[in-house]
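Asker: My structure is below; once you've seen it, I'll send some questions.
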Amino acid sequence: MKTLKIAIQKSGRLNEKSVEILKNCGLYFENYKSSLISTVTNFPLEILFLRDDDIPEYVQDGIADLGIVGENVVIEAGADVAYLQKLGFGKCTLKIAVQSTSNITELTQLNGKAIATSYPVILQKYLTENNIDAQIRNISGSVEIGPGLGLSDAIFDIVSTGGTLKNNGLKPFKNVMDSEAVLISSKGAALLPEVQELLQRIQSVLRAKSTKYVVLNVEKSKLQDVVNLLPGVKSPTVVPLFEEGWVAVHSVIEEQDFWEKINQLKAAGAEGIVVMPIEKIIT
Ligand code: PRT
Ligand code: ZN
């Protein structure tokens, strides 16, 4: 079996969740903060801990077979890699922002203006698509101070809560791109059986994360109404209770419409509802 290499962020916003998802896949390894590489003991995999900016190129060149990194970083690097899976964390939006007092309301007003950013490639593409001729000031960090210093008229940066914009007297103007952490692989590695095995494990963890296991009791006369609300993985499991005329129903519920479903179940006659986390769903 080939020993794969996966590159993840060494420290920063994506490190913890990247380590967590690999551990949830049942992989055993030491998360050595001080070393660059860690060996998984129960799967042919080595983990490389890198700066996030280096990950797309390492994967494109096949130095690492796989990588976990923000989609924005992959696109900015223009890396030729295979996208295997969105991972549901590190979510953010890349936005153009202007000073709160600015009277810019139309995109065309950016013509001839200067925009500070650390993401010149993504910004240029957006401006070109929209026929805007603005000057891009490429700076490596703290772009939000640009307008205050008179360095630029606008900024283009990652926003999650919007707190940083506000604290610097800026307001969002245009959303350009949504991003989240993604699993990428080199084009050559995408179809390797070991890569597909790891991908399946990651997908089973993601599926489990977005669902809850539910056990509830219901009178047999109301069973059909309750079952209609519960598709389950295949269909709900129904087992008799010791008390005559009652059954227990086991099923899974999607996290996103959890409370709505629970309320509907109660209204349909469900009692003693117990909800549990799911570790993995293997289909
Ligand atoms: O050291 P290394 O180079 O590896 O890390 P880094 O400092 O370049 O990146 P890091 O750890 O800050 O971010 C890694 C990835 O997380 C990014 O590429 C994004 O895909 C994703 N991500 C998600 C974010 C944010 N949310 C985020 N809020 N990356 C950066 N920010 C910054 C943003 O630049 C701005 O300064 O947070 C500030 C805005 O946050 P709010 O909440 O105030 O809006
Ligand atoms: Zn970085």
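The values are calculated or read from the model by the stated rules, or taken from the named source; none is laboratory data. What you are looking at is a predicted structure, and each value in this text was computed from that prediction instead of being measured. Cβ placement follows ideal geometry from the backbone for every residue including glycine, while neighbour counts extend to all protein chains displayed. Just so you know, the surface numbers come from the protein's heavy atoms only, side chains and all, with ligands and any DNA or RNA stripped out. Shrake-Rupley method; radii C 1.70, N 1.55, O 1.52, S 1.80 Å.
Asker: Which members of the stretch 144-163 meet the condition of being outside any loop (DSSP other than H, G, I, E, B), surrounded by 14 or more Cβ atoms within 10 Å (Cβ to Cβ) and within 8 Å of ligand 1 (Cβ to nearest atom)?
Answerer: Here is the first cut: in the stretch 144-163, the ones outside any loop (DSSP other than H, G, I, E, B) are 144-149, 154-159, 163.
After this cut, where a residue has to be surrounded by 14 or more Cβ atoms within 10 Å (Cβ to Cβ) as well, the list is 144-147, 154-159.
Glu144, Asp157, Ile158, Val159, listed by residue number.
Asker: Of all strands (runs of 3 or more DSSP E) completely enclosed by the stretch 8-94, which ones contain at least 2 residues that are in contact (Cβ under 8 Å) with a residue 40 or more places away in the chain and more than 15 Å from ligand 1 (Cβ to nearest atom)?
Answerer: Details: elements: 37-39, 45-50, 66-70, 82-86.
The qualifying strands (runs of 3 or more DSSP E) are 45-50, 82-86.
Asker: Mind listing whichever residues of the stretch 80-115 are under 19 Å from Arg51 (Cα atoms), surrounded by fewer than 21 Cβ atoms within 10 Å (Cβ to Cβ) and more than 14 Å from ligand 2 (Cβ to nearest atom)?
Answerer: As a first pass, look at the stretch 80-115 and keep what is under 19 Å from Arg51 (Cα atoms): 80-81, 87, 89-92.
Subsequent filtering for residues that are surrounded by fewer than 21 Cβ atoms within 10 Å (Cβ to Cβ) retains 80, 89, 91-92.
Across the stretch 80-115, the qualifying residues are Asp80, Phe89, Lys91.
Asker: Is at least one residue of the stretch 164-180 assigned to a loop (DSSP other than H, G, I, E, B) and of a type in the set (Ser, Thr, Tyr)?
Answerer: no
Asker: Being out of contact with any strand residue (DSSP E or B) (no Cβ under 6 Å at 6 or more places or on another chain) and of a type in the set (Asp, Glu) is the filter here; which residues of the stretch 29-87 pass it?
Answerer: Within the stretch 29-87, Asp53, Asp54, Glu57, Asp61, Glu76, Asp80 qualify.
Asker: Can you find even one residue in the stretch 7-29 that is within 16 Å of ligand 2 (Cβ to nearest atom), under 24 Å from Val143 (Cβ atoms) and among the small types (Gly, Ala, Ser)?
Answerer: yes
Asker: If only one of Leu107, Leu170, Leu127, Leu151 is at pLDDT below 95 and not assigned by TED's automatic domain parsing to the domain that holds Gly12, which one is it? Write out each step before concluding.
Answerer: Numbers: Leu107 fails: at pLDDT below 95; Leu170 fails: at pLDDT below 95; Leu127 fails: at pLDDT below 95.
Exactly one of Leu107, Leu170, Leu127, Leu151 is at pLDDT below 95 and not assigned by TED's automatic domain parsing to the domain that holds Gly12, namely Leu151.
Asker: Of all residues being farther than 28 Å from Glu76 by Cα and among the hydroxyl-bearing types (Ser, Thr, Tyr) in the stretch 35-64, which is least open to solvent (accessible area, probe 1.4 Å)? Just the residue, please. Walk me through how you get there before you give the answer.
Answerer: Keep residues of the stretch 35-64 that are farther than 28 Å from Glu76 by Cα, which gives 39-44.
Of the ones still in play, those that are also among the hydroxyl-bearing types (Ser, Thr, Tyr) are 39, 41.
Numbers: Thr39: 84, Thr41: 115 Å².
Taking the candidates together, the pick is Thr39.
Asker: Then there's this: Looking only at the stretch 220-242, which residues are of a type in the set (D, E, K, R) and either closer than 19 Å to Ile278 by Cα or assigned to a loop (DSSP other than H, G, I, E, B) (or both)? Walk me through how you get there before you give the answer.
Answerer: Residues of the stretch 220-242 that are of a type in the set (D, E, K, R), as a first pass: 220, 222, 225, 234.
Passing the criteria: only Lys234.
Asker: Let me confirm something: among Gly112, Gly188, which residue is outside the structural domain of Tyr83 (by TED's automatic domain parsing) and either within 27 Å of the chain's Cα centre (by Cα) or not in a strand (DSSP E or B) (or both)? Give the steps one after another, and end with the answer.
Answerer: Numbers: Gly188 fails: outside the structural domain of Tyr83 (by TED's automatic domain parsing).
Unique residue meeting the criteria: Gly112.
Asker: Give Lys280, Lys220, Lys266 a once-over and let me know the one that is closer than 30 Å to Glu20 by Cβ and open to solvent by 40 Å² or more (accessible area, probe 1.4 Å).
Answerer: Values: Lys220 fails: closer than 30 Å to Glu20 by Cβ; Lys266 fails: closer than 30 Å to Glu20 by Cβ.
That would be Lys280, the only listed residue that is closer than 30 Å to Glu20 by Cβ and open to solvent by 40 Å² or more (accessible area, probe 1.4 Å).
Asker: Going residue by residue through the stretch 128-135, is there one that turns out to be within 16 Å of ligand 1 (Cβ to nearest atom) and under 22 Å from Cys92 (Cα atoms)? Step through it out loud before you land on a result.
Answerer: So in the stretch 128-135, the residues within 16 Å of ligand 1 (Cβ to nearest atom) come out as none.
Among the residues of the stretch 128-135, not one is within 16 Å of ligand 1 (Cβ to nearest atom) and under 22 Å from Cys92 (Cα atoms), which makes the answer no.
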